[in-house]
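Take a look at the structure below.
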Amino acid sequence: MTELSAHAAVTDRSRLAGSAYSSDRDLAARQSLYQWQTPRYDLPGIVAEKLSGVRGHVVDVGCGNGKFIQRLRENRPDLALLGLDIAPGILADVPGPVGVADAIRLPLATESVDAALALHMLYHVSDIPQAVRELSRVVARDGLVIASTNSDRDKAELDDLWQRAAGDVLGTGGGPARVSLSARLSLEKASAFLGEEFGRVETMELPGTITVDDPEPVIAHMASYRAWADQHDVPFYATIERARTILVDHIARYGAFEITCLGGVLVCRR
């Protein structure tokens, strides 16, 4: 799998809307792994705090299953919230109003919102600079944009586990890398992209360690990439099962399996 084909798969609209995010099953599996992380970060709470000075209209672009909208509706009932996503299916249980939209062509008037959220989604956009320009266009001059993504170093242990399991399945010792969703807009790259439109970009890093004594949360996370199974250059489900066996053996020997995490939140102002 070439880097170009991996990037195309991560941004393919039909794959995103029709498979990866046709429901919240796989996204929820990835989100649920963080309940075993220390320190625990309340990401919706962090976003709500960053919006403490905002009044008026807030749009969540790429809102997914609505975790952030739900929290804001509880904490900030004064805000007028709108959720947008490219995948109609994942919007089914998101508290409205919601709409289907592509981040590179937002159906909003210029300077019509007071804040915009782009949380763990810009790496799925076909044209990241254009999406950043759209976020800048729709937000009022004194407004803000909050984005988030993961580091290039995030969950390296899962990458190693996948390659070991894939190598065992293929009989090659080491297998091909798994698809990285955030590689196109990692934490290391995000400030430069966002800085093209915003004069001030504040980055808040969120390091942590996930520790599990049961393989299933890790397996559920790995299996949540099933929409990209054809991009892995290895029998996907056989690799998942081999990874489960490796995890069982590791946990039996060491008592737990640890995953190093590094994500971040970026607060952008003009």
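Since every read-out is calculated from the coordinates, none of them should be taken as a lab result. Please read these numbers as outputs of a predicted model, since none were measured by experiment. Here Cβ is always computed from backbone atoms with ideal geometry, including for glycine, and neighbour counts include all displayed protein chains.
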- Note on the structure: Picked from the range 251-270 (must be of a type in the set (A, V, I, L, M) and surrounded by 15 or more Cβ atoms within 10 Å (Cβ to Cβ)), the residue nearest to Arg153 (Cα to Cα) is Leu262
- Message: Of the conditions (1) exposed (fewer than 15 other Cβ atoms within 10 Å of the Cβ); (2) under 28 Å from Leu266 (Cα atoms), Ile210 satisfies every one except a single condition; which number is it?
- Response: (1)
- Any residue in the range 156-175 that is within 16 Å of Glu258 (Cβ to Cβ), in contact with a helix residue (DSSP H, G or I) (Cβ under 9 Å, 6 or more places away or on another chain) and of a type in the set (Lys, Arg)? yes
- Note on the structure: Gly264 passes all but one of the listed conditions (1) farther than 20 Å from Arg40 by Cα; (2) touching a helix residue (DSSP H, G or I) at 6+ places or on another chain (Cβ under 6 Å); (3) not basic (Lys, Arg); the exception is number (1)
- Please identify the pairs in which a residue from the range 153-170 that is touching a residue at least 40 places away in the same chain (Cβ under 8 Å) and at positive phi has its Cβ atom under 7 Å from the Cβ atom of a residue that is crowded, with 19+ Cβ neighbours inside 10 Å and among the β-branched types (Val, Ile, Thr), counting only partners at least 6 apart or on another chain. Lys155/Ile259
- Message: Going residue by residue through the range 248-261, is there one that turns out to be within 18 Å of Leu170 (Cα to Cα), touching a helix residue (DSSP H, G or I) at 6+ places or on another chain (Cβ under 8 Å) and of a type in the set (Phe, Trp, Tyr)?
- Response: no
- Note on the structure: Filter the range 131-168 for residues that are basic (Lys, Arg) and within 22 Å of the chain's Cα centre (by Cα); the one that is nearest to Leu84 (Cα to Cα) is Arg133
- Task: May I ask you to list the residues in the range 41-69 that are farther than 19 Å from Val125 by Cα and under 17 Å from the mean Cα position of the chain (by Cα)?
- Result: Tyr41, Asp42, Leu43, Pro44, Gly45, Ile46, Val47, Lys67, Phe68, Ile69
- Item | Filter result for Leu187 (of a type in the set (A, V, I, L, M) and touching a Phe, Trp or Tyr at 6+ places or on another chain (Cβ under 8 Å)) | no
- Query: Given Cys268, Cys261, which one is in contact (Cβ under 8 Å) with a residue 60 or more places away in the chain and within 13 Å of Trp36 (Cβ to Cβ)?
  - Reply: Cys261
